[in-house]
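The values are calculated or read from the model by the stated rules, or taken from the named source; none is laboratory data. Since the structure is predicted, the reported quantities are computational estimates derived from the model, not experimental observations. Every residue, glycine as well, gets a Cβ built from its backbone with ideal geometry; the counts of neighbours run over all protein chains shown.
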Amino acid sequence: MTERRSGPLAVQIVSNDHPPFGDLCTTYGRAFDSLGVSHHTIALAPPVRTPLPDVTYLGLEDVGRIRHAGRALSAALTGSEMVAVCHRYRAYRTLRASGASLPRVVTVAHEFGFFDRLQRRLERRLFARHVLFAGVSPAVQAELGATVEDPLCLPNAIDIAELDRARVGREQALAALGVPDSASLTIGLVGRLVRKKAPGLAVQALRELIRRGQDVRLLVVGDGPLADDLKALAGDLPVTFCGFVPDARRLMQAFDLLLLTSEEVEAFGMVALEAMCAGVPVVTGPNPGPQFVLAGSGYYFNVREPGAVAEAVVQVDADRRSGLLAERLTHARERAVREFSVAALARHLDELFFHGVPRP
């Protein structure tokens, strides 16, 4: 057991606990725990649903009022923090407005376009010279490099052991979704039904697969503004709309494969990582975030059109029948443990924060 150091030494700041940030903060906390580093988490906004344990909620209804948020954050800081992790720009900007001076701060960009706004670039040059910036994937890291020197790559992580305990088997997962079991190849589409996720491509690919004589069905887990349009597009195809499901990652075994149809704006790909941990193959397109997560374990379509998606799905099914898929899924699980586990995150944090930073 790693000896616990007096503290807190580390604070992580997040605007809100909307998925996936609530889970990410918990995972970061466990990584700090494994290093023996005392820590605490501060969320600027009220909890989305049930408050997370060990999180201080400032309860700010408008986190965009930076001066007000900065004063509230200043009052919540203990004065003994040595290092800070700011998730996304708003958290970093609020920390700066608080007037706190910490030996080391890492601001994590969880999306592309972090410095697209001129005001952010100017503020960075004036006030953030000693702040480290990190992207959650090499593609985000490279984009940051156009504005900051020596950006870092700090990938998201997942508590694989906890996820394994929470995950249910296929029969229970399908029952939770209100869907009967079937011999059909079951494709899962998980996430918000919004334009950037391009869910219509999944329905079009399903239509193409059926045209080719494939026995397939699509389960759509999620909700959003495109739900009605997607239902109209599906028509009488074998598509089940399951709606929003809390903690849907527990139900990954319901799918024979997970399909990601997002446009090229995904910075990471948490749902792909959750599938890797569950032993579910992932089909995705020319999207740098999920491709970084999956590497050689993924199945890819290089053209965003239904025929190319269908080809990738057929390849998964062919590999399943030949036995090649099992080896690929083993490699996917090994990659998840090696690169995106709590232990992997702890190694990154130890190197970033505590090599060369004096401890009390």
Among all residue pairs at least 6 apart or on different chains, which show Cβ distances below 8 Å where the first residue, located in the stretch 74-89, is in contact (Cβ under 8 Å) with a residue 24 or more places away in the chain and under 13 Å from SER38 (Cα atoms) and the second is in a helix (DSSP H, G or I) and among the aliphatic types (A, V, I, L, M)? ALA84/LEU95
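Residues checked against (1) more than 21 Å from VAL190 (Cβ to Cβ); (2) assigned to a helix (DSSP H, G or I):
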| position | (1), (2) |
| --- | --- |
| GLU266 | no, no |
| ASN302 | yes, no |
| ALA308 | no, yes |
| GLU327 | yes, yes |
| THR330 | yes, yes |
| ARG335 | no, yes |
| LEU349 | yes, yes |
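Please tell me if GLU61 is among the acidic types (Asp, Glu) and free of Cβ contacts under 8 Å to residues at least 24 places away in the same chain.
Details: among the acidic types (Asp, Glu): yes; free of Cβ contacts under 8 Å to residues at least 24 places away in the same chain: yes.
Spelling it out, GLU61 is indeed among the acidic types (Asp, Glu) and free of Cβ contacts under 8 Å to residues at least 24 places away in the same chain.
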Take LEU273 and tell me if it is over 28 Å from GLY135 (Cβ atoms) and aliphatic (A, V, I, L, M). no
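From LEU218, LEU189, LEU201, LEU177, which residue is over 13 Å from ALA234 (Cβ atoms) and surrounded by 15 or more Cβ atoms within 10 Å (Cβ to Cβ)?
That would be LEU177, the only listed residue that is over 13 Å from ALA234 (Cβ atoms) and surrounded by 15 or more Cβ atoms within 10 Å (Cβ to Cβ).
Looking at SER262, SER341 in this structure, which one is under 18 Å from LYS196 (Cα atoms) and polar (S, T, N, Q)? I'd like the intermediate steps shown before the answer.
Values: SER341 fails: under 18 Å from LYS196 (Cα atoms).
When all the criteria are applied, what remains is SER262.
Scan the stretch 149-186 for residues that are assigned to a strand (DSSP E or B) and touching an Asp or Glu at 6+ places or on another chain (Cβ under 6 Å) and jot them down. Don't jump to the end; show me each part of the working.
From the stretch 149-186, those assigned to a strand (DSSP E or B) are 152-153, 185-186; that's our starting set.
Scanning the stretch 149-186 gives LEU185, THR186.
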If you go through the stretch 71-82, how many residues are buried (at least 18 other Cβ atoms within 10 Å of the Cβ) and modelled with pLDDT of 90 or more? 3
When you scan the stretch 323-338, how many residues do you find that are under 14 Å from GLY298 (Cβ atoms) and within 17 Å of the chain's Cα centre (by Cα)? 4
Under the condition of being of a type in the set (S, T, N, Q) and within 18 Å of GLN291 (Cβ to Cβ), which residue from the stretch 134-174 is surrounded by the fewest Cβ atoms within 10 Å (Cβ to Cβ)? GLN141
Among the small types (Gly, Ala, Ser) and out of contact with any strand residue (DSSP E or B) (no Cβ under 9 Å at 6 or more places or on another chain): does that describe GLY29? no
I'd like to know if the stretch 114-129 contains one or more residues that are more than 15 Å from TYR89 (Cβ to Cβ) and modelled with pLDDT of 95 or more. no
Number of the exception - ALA272 against (1) at pLDDT below 95; (2) in a helix (DSSP H, G or I); (3) in contact with a Pro (Cβ under 6 Å, 6 or more places away or on another chain): (1)
